[in-house]
Every structure is written in C-alpha cells, then in structure tokens.
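Input: a single structure, listed below in structure tokens.
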Amino acid sequence: MTIDITRRTALVLGGTAAALALTTAPALAGPYPDHPVTVVVPFPAGGSTDMVARQVGQKLNEKLGQAFVIENRSGATGAIGATSVMRAPPDGYTILVASIGVYATNPFLQPKLQYDPLKDFDLLTVAVRAPNVLVANPKFPANTVAELVDELKKRPGKISFASSGAGSSDHLTAALFWQKTGTQGLHVPYRGGAPAISDLVAGHVDVSFQNINAVITQIKGGNLKVLAVTGDKRSPLLPNIPTLTEAGVSGADVFSWQAIAAPKGLPADVKTKLHGEIVAALNAPDVRPRMEELGFEIVANTPDEFRAFLVTELARWKEVIEVGKISIE
C-alpha cells in the first residue's frame, strides 16, 4: 500500500516538533521553595519585629535550603511594607513579619490604609507575644500602680507618659490604662522607642508602657523602676512584679505581638508547608530559649486561631481608639 508523501512528511514533522517541545520545555518547578524567599519587615532593622524575622528566617534557611532574605521596608507605621506584601504574587515567595500595629490598629488610625488585614492576607501564625511593662523614672514619687493612679487624679493631664509614637502599642496601652482608671495623663510621643526610653531614664518624662524586652536591661540596672506588667500572668523575667490586674486595674491586659502572613491566595500545599516549618523554627531548641530570655512567649498558633485572635484584637483597639479620639494624622 502506498502512503501519501505529503501525509507521511506531516507525520514526521509532527513527531519531530513534539520531541523538540519535550526537550526544550522548562523543567517543572521543584518542591517549595526552589528559590529565595523575601521576608518583609515593615520597620527598620534592630527592633523586636526584625529580631523575630531574622531568627525564624535563619532556621527556615537551614531547614529548607533556600535563603529567606530580610527586607526592611519601613514607613507609615508599617503600612508601606504591608501594602507591598499584599500586592506581591501569592506564591509563598513573599511573606510578612509584622507587629500588632500593622494588623490590629492601623485600620483605625489610617483612614487611607490600602490593605485590610483580614481580607488581603493569608494569616499564618502569631509567632510570639510579650507583655508591656509600666516603668517610671526612679525619682518619680509613685512606686505602685495605686500610687500612680492617685498622682494622676491629683494632677490630671500633668503626669507625662512617653511613647515610641502616636498610635504605637505603648501609646494605646497608656490610653487603655487611662480609660480603665478614669484618669488622664499627658502623652509625649517620640520617634521610636529608644529616644523615649532615653528621656525616661534622664527624667525628662515620668512614666511609660514599654515592651519588656526593650527595657529589661534598664530595669535590672536600676535605671528604671517597674510598677506592673500588662500580661495575664507575671513575667518570668520579673517574678516579683504584679500584673495590672493584681494591682487593681482589670481589663487592661495587653501583649505586644509579632505575626506572620502572606498575600491572599497561597496554594494550599505551600500554606501548609510554610506554617509547619515556621512553627518548627519557633520551637527549635536554639530559638525558643533565646526568645524566652528576651521576654517573648512563643505562640505559634494555627491560621484559624490567628484569625479568631485578630478579630478580637481589632474590636478591642477600635474601641480604645474611638473612645480616646486617637489619631496619627
């Protein structure tokens, strides 16, 4: 039987094209991650959030064999970095490590905020939390919370409270404290925690709520006196210092926290792997003790637990901000 030459040529050419396609097609992507991951910290290097990101990123690098590259994209109380992550491809190669302000207070302090923390991110885990501490200059007359409340009632609006900036965790903790005690202090915002603590030590301001890890050295060195911790239990770093509840101020338990998220729409397998590896990194025997020494408590919860927690935090700080008529603009 004679085969039509045109048809036979077409068959040969078709087979050749298929073979070429197989040999020149790009190789399928390997298991996640197969190239470096960008870890966005929306604050300058050196702070608590940056510290958490670098500890976790180093362990992920060791375990997964890819670089987790920290990028500090600061500005607008974390909003600039968070917005950049929201706009990144949801492929697991850009993640966000940010603090309470980015997730829970910016929505009520920045009317033009371009992201919604519940809608625009895949929430992975709350990594760590730490209580604030109520500290004072050693020469300030109050030595207990009750004595501070008395001073505030005798001199309303006169006792100065330093903070790392308007709308910061330490500012909002002070506002909550005033609301719960029926008092009013004088808010003195600084450009960051370091100058606020420096002026507190120097006696230029009276008291402040600060992250425990930021002031524990000053407390132990006698440069600051501590009146209370804002956690729901005493801190292992300051076992003799009462909580605010123990000191008579209920409803003012506050933790600063750092959490990890990614752009909305992660593939399910990538989300599962990322979450599992992050939790393992936080609980690693060379990471967890270091964090605890600095005053952090490992949380490492599930995405669903993170979402439920964030819903309650948003409701809480919305009320504090609205009652206190707090604005940063």
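The values are calculated or read from the model by the stated rules, or taken from the named source; none is laboratory data. These numbers were taken from a predicted model, which means no experiment stands behind them. Every residue, glycine among them, receives a Cβ derived from its backbone with ideal geometry; neighbour counts consider all protein chains shown. What goes into the accessible areas is simple: the full protein's heavy atoms, side chains included, and nothing from ligands, DNA or RNA. Shrake-Rupley method; radii C 1.70, N 1.55, O 1.52, S 1.80 Å.
Can you confirm whether region 83-93 contains a residue that is modelled with pLDDT of 95 or more, in contact with a helix residue (DSSP H, G or I) (Cβ under 8 Å, 6 or more places away or on another chain) and among the acidic types (D, E)? Within region 83-93, one or more residues are modelled with pLDDT of 95 or more, in contact with a helix residue (DSSP H, G or I) (Cβ under 8 Å, 6 or more places away or on another chain) and among the acidic types (D, E). Selection of region 145-185 for residues being surrounded by fewer than 16 Cβ atoms within 10 Å (Cβ to Cβ) and hydrophobic (A, V, I, L, M, F, W, C) yields only A146. Every listed requirement among (1) more than 20 Å from P44 (Cα to Cα); (2) assigned to a strand (DSSP E or B) is met by H204 save one, (2).
Restricted to region 251-262, and to residues there that are over 16 Å from V299 (Cβ atoms) and crowded, with 18+ Cβ neighbours inside 10 Å, the residue that is modelled with the lowest pLDDT is A252.
Here's the yes/no breakdown for (1) within 30 Å of P33 (Cα to Cα); (2) open to solvent by 40 Å² or more (accessible area, probe 1.4 Å); (3) modelled with pLDDT of 95 or more:
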site	(1), (2), (3)
I219	no, no, yes
G222	no, yes, yes
V226	no, no, yes
V249	no, no, yes
K264	yes, yes, yes
E292	yes, yes, no
R307	yes, yes, yes
K325	no, yes, no
E329	no, yes, no
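Would you check if there is a residue in region 271-279 being surrounded by fewer than 23 Cβ atoms within 10 Å (Cβ to Cβ), of a type in the set (D, E) and closer than 25 Å to K63 by Cβ? Yes, region 271-279 has at least one match.
Criterion first (over 20 Å from the mean Cα position of the chain (by Cα) and crowded, with 23+ Cβ neighbours inside 10 Å) does L238 satisfy it? In short, no.
Of all residues in region 255-277, none that is more than 18 Å from F309 (Cβ to Cβ) and aromatic (F, W, Y) has its Cβ atom under 6 Å from the Cβ atom of a residue that is open to solvent by 10 Å² or more (accessible area, probe 1.4 Å) and assigned to a strand (DSSP E or B), 6 or more apart or on another chain.
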